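One structure below.
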Amino acid sequence: MIDRSQSYGTEKQEQGPGTSDMSGLPEVILSHVGVGIYIVQDGVFVYTSPLYQRMTGYSDPDLIGRNSLDFLHPDDRTSVRDHATEILKGKRSEPYEYRFIKSDGETMWILEMVTSVAYHGKRATLGSFMDITERRRIQEMLRQSEEKYRAIIDNIQDGYFELDLAGNHTFCNGALCEIHGYPKDELLGMNNRQYTDQTNAEKVFHAFRSIYRTGDPGRVFDYEIIRRDGTRRQVEVSASLKKDASGTPIGFSGITRDISERKQAEEAARRSDERARSILDSIEDGYWEVNLEGQFTFFNDAMCRMSHLSREELLGTNLSTGAAPEAAERLAEAFREVSRTGVPLQLADYGITRGDGTRGTYEISASLMKDQAGGAIGFQGITRDITKRKTMEDQIRHSEERYRTIVEQMEDGYFETDLRGRMTFVNDAECRNIGFSREELIGRDSRLFADKDTFQDLSNAFAEVYRTGIPVRAHAFAVTQKGGSEAFHEISVSLIKDSEGKPTGFRGIARDVTERKVMEEQIRQSEERYRTIIEEMEEWYVEADLAGTILFCNDIFATGLGHAPGELARVNFRRFVRREAVEAIYREFHNVYQTGEPSRNLPYEFARPDGSTTSTEFSIFPRRNHEGKIVGFRGVGRDITERKRAEERIQYLATHDTLTGLPNRLMFAQHLNHAIQAARRHKRRLAVLFFDLDRFKVVNDTLGHEAGDQLLRAIAVRLRERLRAVDVIARLGGG
């Protein structure tokens, strides 16, 4: 909306069609063509059509003489001036959009095209001005619907997938990638046989084949997957058949949940898919005039474009050309009603088959045409092509249905709030989780089910999301359900934004984790009892993996081996076992692994850092996972070093003389017996010598028994030094 007469096209031009004064145009066309017409000269309005005035709410006195840019939204004035300048200079030919401030203060969206004309002998700018507010509204609804759908898919903690009929991934969310351990660019196109073994692949094949044959929705089955890193996970899948608009199966969609931890005990952006929208021509609506029989007497070029017929082909045909019989009868009845009452009428959803065989849907506004005497001579009206709008509405409906299906089928609660935290939408799962009906929740904030401290905690979390724009994940809090019972929930929250990126509220996923919390507390208490027993008992306790690497041990085990508590984590048993005994101890580990039976009270000697050894007695038990598979070992033992020393001392005292340290009578008899048998076997001789100490009693009587004992010990040492290694000397008795 700009006048370029001061800088462009000032040269004199001949007047001809399209460049003559607008006073020559029939007012009836300007009033019904559906496009507001205006002329700007020297920067101000010099002409506005009646339709332009009705569309904007301004009268001629409000507009004529005023600067054309004064009525535009301030943010759009510069871009409108630039676009118009480029069109007038021939640098572009496309229409442009901007916001116009109506007389009542409301903003409407405009699609505009300008051209240079002569007006009263001077250059001026002619503008065609069309209201596209409704189209923009529909586009925004579609964008928000798609954004809502994408946000839900990307925020749910479960994986969402879509497959073709061969089982290849055609779409997945980030949660599915995390479950499988593959990046999205690798997972897309992959078949389930690529991340399962043969048994599970057959299981998945039969499940999907059953869904395909029966069409039963929400079929649930579980199977085992092999992640990218080789680890295995159990997943639960809820799948349904996907069909196209004609009802033909085209693939499958569903939810995948990682249930590995639930099998053991219990377990824990939006990717936007924006679709391209084309901008319609500057003049979308067709203007036509027909006689009383409905035959065209005049029409504009837009009618040719809509019908896909040339002007020659369309001329002389009927307005109902291409319509089905029932549609043609609706149009005829509408014309009869207009003729009878004289009141303009609008006919919606009028379908025709166009010249190229395609179908189109239109809105027709019709009014009666009269001659000067007031007699009816025909009809005039506007035809608006709403085929694209109907398509968009269908897309919105399908998108909403898809969104509703996902939201209502998932087990987690889904909610939306305004910026003050008041509920604007909840699914059935959220109602069940909190215990309140949808009617009780809508319009209320979290104070309905949270105490003062919890409400403040949630408010702070929501405020942080609003401040940073970063979603919060798995935020835990306590819920007071309607009956007064307490539950525990985890929520993930993100912002809802409008088309301009302005926050309008929050959306989130809520999961009831009460069972998990109870189980975690039971496990914690059990672990605490287990730790207390392990740490307080005097027995040694240790856990190791299949390679013999220590995973856990109590303090008495560590200190018994000369180490500080906690120092032995991730240390292998080889560090404590003498090299010659390593094979024996690992043979025992292997035997326990093979048989599944414990080895009890086996003697082991462990090396300490100071070089000394500790004698122990250990029992080894298998350690199993939740599937019963042996994944390591447990050991319970005790330090028997002192007991072993005492046993060795007793054995020594039983076979040796306490005074001289020589073998005693018992041990000498054993050695003598062995020597005799060996001599007989090898036919050799042996000698036995017995000698006594004369006058030893005199030493005892004169010098005392202590002196006698010293004498005996000295003699024993001298005799040992004189003997060979194979000779044996013993003390048989006192005297």
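The values are calculated or read from the model by the stated rules, or taken from the named source; none is laboratory data. Worth saying up front: this structure is predicted, and the values here are computed from it rather than measured. Methodologically, a virtual Cβ is constructed for each residue, glycine included, from the backbone with ideal geometry; neighbour enumeration extends over all protein chains shown. Side chains included, ligands, DNA and RNA excluded: accessible areas come from the protein's heavy atoms. Shrake-Rupley method; radii C 1.70, N 1.55, O 1.52, S 1.80 Å.
Shape annotation for the stretch 178-254: C-alpha extents along the principal axes are 41, 26, 17 Å, from largest to smallest. For Leu551, Leu51, the ranking by accessible surface with the largest value first comes to Leu551, Leu51, using a 1.4 Å probe. Measuring against 29 Å, Cα to Cα, the residue pairs Lys203/Lys517; Lys148/Lys243; Lys148/Lys388; Lys243/Lys502; Lys89/Lys122 contain Lys203/Lys517; Lys243/Lys502 as the ones spanning a longer distance. Going 7 Å from the Cα of Thr641 toward and past its Cβ, which residues in the stretch 569-603 have a backbone nitrogen under 18 Å from where you end up? Label zone hits: 575-579, 603.
Given only helices, namely DSSP H runs of n ≥ 4 each adding -39500 (n - 2.57), what is the per-residue ellipticity at 222 nm of the chain, to the nearest 500 deg cm²/dmol?
Counting only the DSSP helices, I get -11500 deg cm²/dmol.
The Leu653 and Leu546 beta-carbon pair, evaluated with R₀ = 60 Å, returns a calculated FRET efficiency of approximately 0.85.
Each label point was placed 7 Å from the Cα along the Cα-to-Cβ direction; for Phe691 and Val717 their separation is 1.8 nm. Once you sort the root eigenvalues of the Cα gyration tensor of the stretch 632-735 as a ≥ b ≥ c, which label holds: rounded (a/c under 1.5), prolate (a/b larger than b/c) or oblate (the other case)? Here the stretch 632-735 falls in the oblate category. Which stretch or stretches of the stretch 221-258 have amide N atoms under 16 Å from the point lying 7 Å from Ala166's Cα along the Cα→Cβ direction? The answer is 250-252. Starting from the Cα coordinates of the chain, work out the convex hull volume and express it per residue in Å³. Here the figure is 327 Å³ per residue. Between Asp60 and Thr504, the FRET efficiency estimated from the beta carbon spacing at R0 = 51 angstrom works out to 0.80.
With the cut-off at under 17 Å, measuring from each backbone N in the stretch 651-684 to a point 7 Å along the Cα-to-Cβ line of Val699 picks out 658-662.
Take Cys431: with every protein chain present and a 1.4 Å probe, its accessible area is about 20 Å².
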